[in-house]
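A quick write-up on the structure given underneath.
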């Protein structure tokens, strides 16, 4: 059959059909780890389309409020739109209430906003991270890469180990875990690489660190 | 005889009048339930191929050939698909030529309005890029996309800007962007050249022409006539009707076997 197709003159073959799809997978990996008095959120900086690298330095972590950040990956067009709408509604909240929106409220609003598009969804996986009203770290997860979640489950929550207790999460440990997790993800996943930007949110403020990843 | 009144004079209301047929969805009067993908652009007609752009030391450059292909037919060999928006912005598109011409008219009118009203600062590349993202995303959400992959080049204040937007609203900014085949062929060339050192204007222009040459050799929807725009803080220069045919050689073509 395949030979027969190849033997046909081109004018006998079907014309090449383009098909419109409103979605595209642009890759990206993000991680967040919460501690007692801090939260770390990180994403890689690679933006892809199929086998192409569109950009090597596209940050995927959004600064929403002074103590809340969100990492989004998936369909980049949807990420852009969702983040614009989210940012606007957070600004409107701060104008109405004269205070910045608490992380838990942002999480609730995000949930509602995503459900609103239940039948034409934003193709976006989000991780919302921030400090709650008591200053504790809060992480609301959306999704993560298959390679990372088991690693974090094991190292952060001490799952799948007999008699192990979860370690006390410190900034150093969290940073190390994030770095390790991204290195393993970049080894396996072609859509992850180039660099990581790690944000740390504490009561005192926010810091960010840029770490290089493999670029192939 | 009146509808809904039986012979015996007893009123029999129409069950489900105006409602959905059993098992079907309610047909809201204001919306079309027809599959609109039949009436909207779901594939490009006359289309343009790659656009290539890069940021160099002291400016931004974009180039695109001037071929409008109709399928594999090289139908229009002199369609310009790169234009000056303002002194701070240039737009170049690949994809459906008609959609490009439409968005071009909209943008030109927008710029004219801005000028007349006088209280808006000149549309810069960053603003145009952002606006285009919203327009294209909106159209894709209505399942009536503008079949474009566009490159916006120019300045935002004093910093050079080079951005990409496609028909579903995927947008990003980068030091080198390309559309179509250029993503596969030109981007690696530019990234490689950039790793070797800084790009002067001369080097940038030579590199861009090299990219177009490779595209002309390898992309059978590409053409030797092209336009090139050079944007510096001083303004936009567009070189029309450039030609790279003299720089190409097809001597090796006769040695290629296996396709005849």
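Every number in this text was worked out from the coordinates using simple rules, so none of it is lab data. Here the structure is a predicted model, which means the values were calculated and not measured. Cβ atoms come from the backbone with ideal geometry, glycine included; neighbour counts cover every protein chain shown.
The Rg/Rh ratio for region B:77-133, using Cα coordinates for both the radius of gyration and the Kirkwood hydrodynamic radius, is 0.98.
The C-alpha radius of gyration of region A:58-106, expressed as a fraction of 2.2 N^0.38 Å, stands at 1.16.
Given a Förster radius of 60 Å and the C-beta distance between residue A:171 and residue B:254 as r, what FRET efficiency does 1/(1 + (r/R0)^6) yield to the nearest 0.05? Taking R0 as 60 Å, the efficiency between residue A:171 and residue B:254 is 0.35.
The modelled label-to-label distance for the pair residue A:87/residue B:109, using points 7 Å beyond Cα in the direction of Cβ, is 2.8 nm. Simple spin-label estimate for residue B:42 and residue B:159 gives 4.2 nm between the two label positions (7 Å along the Cα-to-Cβ direction from each Cα).
As a ratio to 2.2 N^0.38 Å, the alpha-carbon radius of gyration computed for region A:32-79 takes the value 1.34.
Who wins for biggest fluctuation among B:186, B:21, B:153 in a Gaussian network model of chain B, springs between alpha carbons below 10 Å? In the Gaussian network model the winner is B:21. The percentage of C-alpha pairs in region A:149-208 whose separation is greater than 14 Å is 64%. Based on DSSP H segments of at least four residues, each scored -39500 (n - 2.57), chain B has a per-residue ellipticity at 222 nm of -9000 deg cm²/dmol. Computed from the alpha carbon positions, the gyration tensor of region B:83-167 leads to an equivalent ellipsoid with semi-axes of 21, 15, 11 Å, biggest first.
For chain B, a/c is not less than 1.5, where a ≥ b ≥ c are the root eigenvalues of the C-alpha gyration tensor, and a/b tops b/c. That puts it in the prolate class.
Residue order for A:209, A:99, fewest other beta carbons within 10 angstrom first, comes to A:99, A:209. For region B:209-224, backbone nitrogen atoms closer than 15 Å to the point 7 Å from residue B:241 Cα along Cα-to-C-beta are found at no residue.
Cα gyration tensor of the protein assembly as shown, axes a ≥ b ≥ c as square roots of the eigenvalues: rounded (a/c below 1.5), prolate (a/b > b/c) or oblate? Oblate. For a test of the definition: using alpha carbon positions, the gyration tensor, and the 1.5 limit on a/c, classify region B:205-260 as rounded, prolate or oblate. Prolate shape, in that a/c is at least 1.5 and a/b is the bigger ratio. Peptide packing: for A:177-184, B:224-231, A:82-89, the average count of neighbouring Cβ atoms within 10 Å per residue gives the ranking B:224-231, A:177-184, A:82-89, highest mean first. Sequence-distant contacts, meaning Cα pairs under 8 Å at least 6 residues apart, place the relative contact order of region B:173-248 at 22 percent. Peptide B:141-152 shows a mean partner chain C-beta count of 1 within 10 Å per residue C-beta.
For chain A, a Gaussian network of Cα nodes joined below 10 Å ranks A:127, A:90, A:196 by mean-square fluctuation, and the top entry is A:90. For chain A, the percent of C-alpha pairs falling in each 5 Å distance bin, counted from 0 to the bin holding the largest distance, reads 1, 7, 13, 17, 17, 14, 11, 6, 4, 3, 2, 2, 2, 1, 0.
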